[in-house]
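Only one structure is covered here, and it is reproduced in the block below.
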Amino acid sequence: MFPPFDAGMNAVDLARALIGARLVVRGAGGTIIETEAYTRDDPASHSFRGPTTRNASMFGLAGHAYVYRSYGIHLCLNIVARPGEAVLIRAIEPQVGLDAMKARRQGRTPLCAGPGRVAQALGIALSDDGAPFDGNGLSLFMTDAMTDPSATGVVCGSRIGISRGIDLPWRFGLAGASGLSRPFPAE
C-alpha cells in the first residue's frame, strides 16, 4: 500500500508523491500521471470556507477518498492529505481492467485524461466518498521509481479549471506522459 498516510503530510507534498503511484479501484486502474493539490487556506479549495455536509470527507482521515460532483455532472476523486487538504486525481495511465474502463466510458476517448473521465472509467460513485485507500476496493501502491523523487521526472505548473488561486504551482505531472488532461507549458 501507499505510504505515508499521516495527518502531517500536506496536500502539495502528497500530490507530488502520488505521481507514479498505482491507483486501482475494484480491479481497474493504472499509474497516476497528473494531480492537483488543494489546501485549507487556498481560495480554490472546497475546504476554504470550512466544513460542510458536502466536503466533510475532506476534513476526515488522511488516506481516504473525497468524492464530489463537479458542475452537477462529473464525479471527481481526491485523496485526503491532512484535514481540509486533498489531492485531485487529474489523469492516470490506464493499465488494468481496460475492458471495464472502456465500457464505463462507452468507448469514448481519451479514457482517463481529466478528473471526470478518471472517475467514470474507474467506476467511482458518490458512495466512495470517505472510503479508505486500504485495499478493500480502493488501493494505492508505491512503485520502486517513487523511492527517488528526482527519478520520476515530475513536472509542476499552475492548476487548471479554476478561477481563484491560479498562481499556485500545485499541479503535478509525469514528464513526457501522454494522456495528461492538458500539457504542461514546459513540455
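The values are calculated or read from the model by the stated rules, or taken from the named source; none is laboratory data. Everything numeric here is computed off the predicted structure, so don't read it as measured data. Heads up, the Cβs are rebuilt from the backbone with ideal geometry, glycines too, and the neighbour counts pull from every protein chain shown.
Among the residues of the range 155-187, those identified as over 15 Å from the mean Cα position of the chain (by Cα) and closer than 14 Å to Ile32 by Cα are Val155, Ala175, Gly176, Ala177, Ser178. With respect to (1) over 26 Å from Ala175 (Cβ atoms); (2) modelled with pLDDT under 95; (3) not β-branched (Val, Ile, Thr), the lone exception for Ala44 is condition (1).
Here Thr143 fulfils each of the conditions (1) among the hydroxyl-bearing types (Ser, Thr, Tyr); (2) surrounded by fewer than 19 Cβ atoms within 10 Å (Cβ to Cβ); (3) at pLDDT 90 or above apart from (3). Checked against (1) in contact with a strand residue (DSSP E or B) (Cβ under 7 Å, 6 or more places away or on another chain); (2) touching a residue at least 40 places away in the same chain (Cβ under 8 Å), Val80 passes all but condition (2). The set of residues in the range 27-46 that are within 16 Å of the chain's Cα centre (by Cα) and either surrounded by fewer than 23 Cβ atoms within 10 Å (Cβ to Cβ) or more than 19 Å from Ser163 (Cα to Cα) (or both) comprises Ala28, Gly29, Gly30, Thr31, Ile32, Ile33, Glu34, Thr39, Ala44, Ser45, His46. Taking the range 68-104 as the range and being out of contact with any Gly (no Cβ under 6 Å at 6 or more places or on another chain) and farther than 26 Å from Ser57 by Cα as the test, the residues that pass are Leu98, Asp99, Ala100, Lys102, Ala103. Each residue in the range 70-113 was checked for being small (Gly, Ala, Ser) and surrounded by 15 or more Cβ atoms within 10 Å (Cβ to Cβ), and 7 of them qualify. Every residue in the range 1-20 that is under 16 Å from Thr35 (Cα atoms), at pLDDT 65 or above and part of a loop (DSSP other than H, G, I, E, B), please. Answer for the range 1-20, where residues must be under 16 Å from Thr35 (Cα atoms), at pLDDT 65 or above and part of a loop (DSSP other than H, G, I, E, B): Met9, Asn10, Leu18, Ile19, Gly20.
Return yes or no: is Gly116 modelled with pLDDT of 95 or more and within 23 Å of Arg182 (Cβ to Cβ)? Answer is yes for this residue. Among the numbered conditions (1) buried (at least 23 other Cβ atoms within 10 Å of the Cβ); (2) modelled with pLDDT under 95, the only one that Ile124 does not meet is (2).
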